[in-house]
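Attaching a single structure in structure tokens format; questions to follow.
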Protein chains: 2
Amino acid sequence: MLEICAKLQHTTKMKKHNYSAGPCILPQEVFEKSAQAILNFNNSDLSLLEISHRSKDFVAVMEEARALVLELLGLENKGYQALFLHGGASMQFLMTPYNLMKSDGKAAYLDTGTWANNAIKEAKHFGETLIVGSSKEANYNFIPKNIEIPSDANYFHCTSNNTIFGTQMKSFPKTNVPLVCDMSSDIFSRTLDFSQFDLIYAGAQKNMGPAGATLVVVKEEILGKTGRYIPSMLDYEKHIKAESMYNTPPVFPIYASLLTLQWLKKLGGIAAIEKINEQKAQLLYTEIDRNPLFKGTAVTEDRSNMNATFVLTDESLTEKFDTMWKAAGISGLTGHRSVGGYRASMYNALPLESVEALVNVMKELEKKCSVISI
Amino acid sequence: MLEICAKLQHTTKMKKHNYSAGPCILPQEVFEKSAQAILNFNNSDLSLLEISHRSKDFVAVMEEARALVLELLGLENKGYQALFLHGGASMQFLMTPYNLMKSDGKAAYLDTGTWANNAIKEAKHFGETLIVGSSKEANYNFIPKNIEIPSDANYFHCTSNNTIFGTQMKSFPKTNVPLVCDMSSDIFSRTLDFSQFDLIYAGAQKNMGPAGATLVVVKEEILGKTGRYIPSMLDYEKHIKAESMYNTPPVFPIYASLLTLQWLKKLGGIAAIEKINEQKAQLLYTEIDRNPLFKGTAVTEDRSNMNATFVLTDESLTEKFDTMWKAAGISGLTGHRSVGGYRASMYNALPLESVEALVNVMKELEKKCSVISI
């Protein structure tokens, strides 16, 4: 033990304000508990990394994680199954049509950004893929509204939050076809009637855990209807039957996800975190709108509470601003190359103080510039 | 820091002899260094779990891991690429035919166990799948020899080590078709001319790291020849082009794999570990053959140096033996239900002392029984 403590002696409480778009900040207790589990899991004198996934202790982790997902989303006893799979959300771009598009069928997609577009590309190889709305021409700075979904589509697919472009769907179309939603970057961040969705998926590495696991929440009754052969590893029904252990699951990412879900539940669940997320987003967007040196890039009504995208009104201030936020301990604020400027990712685990730190730097920049002007 | 040390205070050096078949024992330094990286990665004051996979620090991890794989296998500058992918070896059962079987082609498979069989099942949905040898009738207790591989097959697929049945291929057929090998449970354990293979894959969770990453080593020249559409996430060429970051990779499992590969290199590489593995296997098999209370289940010449499968000659001793090995701090020795009895998995990180501990228990059982007989 002394040896391990000596090795960890440079560890201090994290002081960075981490705005990384994902993988991203997680609760400090998730880091501490998951590090502990690697050294000694459940006082078994074994590491979490060296135990069988079929061991009693890990089966309990998987069961609790799957149940907690449904509990937090309010989907218990409503015919849904939660799965923790490999492959990232990108694998779901493929698994969605494999599992839901009939061999002579068609599907409807909403094109709201890079990831929505990647989902569309995969679906096109399975059958007719209708783009029922797109904001591509406006560099995806808004969410298309009043879309029409053909009633004979096998499903409708949308992306609830567009990480790169800073837009977020505030409501979802009413439709008689199965509603599929990629919630990778805003799951567990806001209250919604989750029972309006038939399939929800999300890469873990934003609000749920570290990279390497993917959450799938699926209403069982929509499965088994395509008449198409589905390879075993891509078949939701096979994964459900195997209780999310069809093959060796990504043990560590799932355990760290469970710790994050437990943290969220202790905090008061989605309703509690939603309030904090709204507070953070309001604080930042208010400053973006007030401060003449900054401008938001997304249409106001569609702004994301998770990823705020903004630019400097005067690009020549870039070096000065970048130096200032870095000096304030802020990291990961540079915008995606598709939009430029800045992106402040305010996922669940980012504390309000981090947003205050950023807003202070924005105000400081304004003050410095007005001094120079005088 | 004090707080973290207090939380870790029950951590002691692992004392268990961990024979788990996978996920399995890894070097103690991998547990310590990976736990440290979760608390503070590279002294960045950020956790490994919260940094972008595109950050300089993680890109360096990925590059070093990919290069080290080729170095350890002796495959540098020979036209190979190493990839760390999602999905486990089971996903490779699907990716192999997707990437290598022509739309009107055929493939040859060797059926040596449960996993080989699962690979065959997936391939059958892509085209003609010839089983050129099988030991199924003998409950997979040997490796079929002198097999004939049709020269017009698109590839030949085999499983180098059969975890469940305790058999291992000691040599590989000479063939003019691409040679594909699932090395999940013996990669990095023995010297081989790895350049005889065109595609090697392995789930991380035996000799390479924790569950959640899969290694693929592929000779580039065999790709791009099928005339078949390959979904993006299943396309080796797309992953190669993206330098193994087509989507967010499983960050933690890859980092822990790098630590394990670094440990192996420091030890002297595959040649050094091979000697230790031979010593361990010889010690155990000698006892299995000598001790009248035990009997090996695999044919002697095909015995695996990784997984030794054996049974009690008198089943009524089961309870006594189980109590004894558990009391000696041994875990994970119960055999797979397909074979019964016991399975001692002696992966790279299992120390010789653990095998000595097991052999001592086996001798002790013999002594007790002979006392009872007297």
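The values are calculated or read from the model by the stated rules, or taken from the named source; none is laboratory data. Because the structure is a prediction, the values reported are computed rather than measured. When we count neighbours, we look across all protein chains shown, and the Cβ atoms used for this are built from the backbone with ideal geometry, even at glycine. Each accessible area value is taken on the protein alone, full model and side chains, heavy atoms only, with ligands, DNA and RNA left out. Shrake-Rupley method; radii C 1.70, N 1.55, O 1.52, S 1.80 Å.
For chain A, list the DSSP H helices whose alpha carbon atoms reach 20 Å or more along the long axis and whose average Kyte-Doolittle value is -0.5 or above?
A:56-73, A:251-267, A:269-290, A:352-373
Do you know the relative contact order of the range A:31-267, to the nearest whole percent, from alpha carbon pairs under 8 angstrom that are 6+ apart?
Relative contact order here is 25 percent.
Quote the accessible area belonging to residue B:290 in square angstrom, nearest 10, computed with a 1.4 Å probe and with ligands, DNA and RNA left uncounted.
110
Another question, then. Which residues belonging to the range B:71-106 lose at least 20 Å² of 1.4 Å-probe accessible area when the assembly is complete, relative to their chain isolated?
B:86, B:87, B:90, B:91, B:94, B:98
With the label 7 angstrom out along Cα to Cβ, how close does residue A:146 come to the same site in each of the other copies, in nm, nearest first?
7.9
Right, here's the next one. So for A:190, B:337, what's the accessible-area order with a 1.4 Å probe, most first?
Ranked list, largest accessible area first: B:337, A:190.
Here's another thing I want to ask about it. Which aspartates and glutamates have a Cα lying under 15 Å from the Cα of residue A:106, excluding residues fewer than 8 positions away in the same chain?
Excluding near neighbours in sequence, the set is A:122, A:128, A:148, A:152.
Sticking with this structure for a sec: What does the convex hull of the Cα atoms of the range A:157-268 come to per residue, in Å³, rounded to a whole number?
That works out to 131 Å³ per residue.
Then there is this: Report the label-to-label distance for residue A:63 and residue B:363 in nanometres (one decimal), using points 7 Å from each Cα along the Cα→Cβ vector.
4.2
I would also like to ask the following. Using a 1.4 Å probe and ignoring any ligands, DNA or RNA, find the accessible area of residue B:120 and quote it in Å² to the nearest 10.
0
Another question, if that's okay. Given the options A:185, A:338, A:55, state which has the largest fluctuation in a GNM of chain A using a 10 Å cut-off (strictly under) for Cα springs.
Of A:185, A:338, A:55, the Gaussian network model singles out A:55 as fluctuating most.
How large is the Kirkwood hydrodynamic radius of the protein assembly as shown, in angstrom, based on all distinct alpha carbon pairs?
Hydrodynamic radius (Kirkwood, Cα only) of the protein assembly as shown equals 27.3 Å.
Name the residue, out of A:305, A:207, A:154, whose mean-square fluctuation peaks in a Gaussian network model built on chain A with Cα pairs under 10 Å.
Comparing A:305, A:207, A:154 in the GNM, the peak value goes to A:154.
Another question, then. May I ask you to derive the FRET efficiency for residue B:300 and residue A:42 from their Cβ-Cβ distance with R0 = 51 Å, giving the value to the nearest 0.05?
Rounded to the nearest 0.05, the efficiency is 0.80.
May I pose another question? Computed FRET efficiency, Cβ-Cβ of residue B:313 and residue B:356, R0 22 Å: what is it to the nearest 0.05? Don't jump to the answer; show the numbers that get you there.
Details: r = 22 Å, r/R0 = 1.02.
The pair residue B:313/residue B:356 has a calculated efficiency of 0.50.
I've got another one for you. So which of A:238/B:170; B:136/B:320; A:121/A:145 end up more than 27 Å apart, counting from Cα to Cα?
As for pairs spanning more than 27 Å Cα to Cα, those are A:238/B:170; B:136/B:320.
Give B:174/B:266; A:78/A:102; A:102/A:219 a once-over and call out the pairs whose C-alpha atoms are over 21 Å from each other.
B:174/B:266; A:78/A:102
Projecting each Cα onto the charge dipole of the protein assembly as shown (Lys/Arg +1, Asp/Glu -1 at the beta carbon, about the Cα centre), which of B:28, B:293, B:103 comes out farthest on the positive side?
B:28
Right, next: Given the options A:15, A:102, A:206, which has the most mean-square fluctuation in a GNM of chain A, springs set between C-alpha atoms less than 10 angstrom apart?
A:15
Based on alpha-carbon atoms only, what is the radius of gyration of the range B:31-267 relative to the globular estimate 2.2 N^0.38 Å?
For the range B:31-267, the normalised Cα radius of gyration is 1.03.
Pop out the ³J(HN,Hα) list for the range A:332-344 in order, Karplus 6.51 cos²θ - 1.76 cosθ + 1.60 with θ = phi - 60°, rounded to Hz; leave Gly and Pro as x.
x, 8, 5, x, 5, 4, 5, 10, x, x, 10, 9, 9
While we're looking at this one, here's another question. Determine which lysines satisfy two conditions relative to residue A:56: a Cα distance under 21 Å, and not lying fewer than 8 residues away in the same chain.
Straight-line reach from residue A:56, under 21 Å: A:33, A:241, B:15, B:16, B:206, B:326.
Which one, B:211, B:180, B:250, projects farthest toward the positive side of the charge dipole computed for the range B:31-267 from Cβ point charges (K/R +1, D/E -1)?
B:180
Report ³J(HN,Hα) in whole Hz for each residue of the range B:124-139, in order, from the Karplus equation J = 6.51 cos²θ - 1.76 cosθ + 1.60 where θ = phi - 60°; Gly and Pro get x.
Calculated HN-Hα couplings, in order: 4, 7, 9, x, 4, 10, 8, 8, 8, x, 8, 10, 4, 4, 9, 6 Hz.
Measuring nothing but label to label, 7 Å from Cα along Cα→Cβ, what are residue B:171's distances to the other copies in nm, shortest first?
Those label-point separations list as 7.4 nm.
Okay, moving on. Rounded to the nearest 0.05, what FRET efficiency do residue B:56 and residue B:146 give with R0 = 51 Å and r taken as the Cβ-Cβ distance? Could you check?
The calculated FRET efficiency here is 0.45.
Probe of 1.4 angstrom, ligands and nucleic acids ignored: what's the accessible area per residue over chain A, in square angstrom? It would help to have the intermediate numbers written out before the result.
On the way: 14220 Å² over 374 residues.
Heavy-atom accessible area per residue stands at 38 Å².
I would also like to ask the following. Taking the range A:270-373 as the region of interest, what is the percent of Cα-Cα pairs per 5 angstrom bin, listed from the shortest bin to the one with the maximum distance?
2, 12, 25, 27, 19, 10, 4, 1, 0, 0
Taking the Cα centroid of the range A:125-140 and of the range A:261-276, what is the distance between the two, rounded to the nearest whole Å?
When both Cα centres are located, 34 Å separates them.
Here is a further query. Which distances, in nm and shortest first, link the residue B:125 label point to the same label point in every other copy, taking 7 Å along Cα→Cβ?
1.4
Using alpha carbons only, how many angstrom separate the centre of the range A:156-225 from the centre of the range B:198-235?
Rounded to whole Å, the Cα centres lie 29 Å apart.
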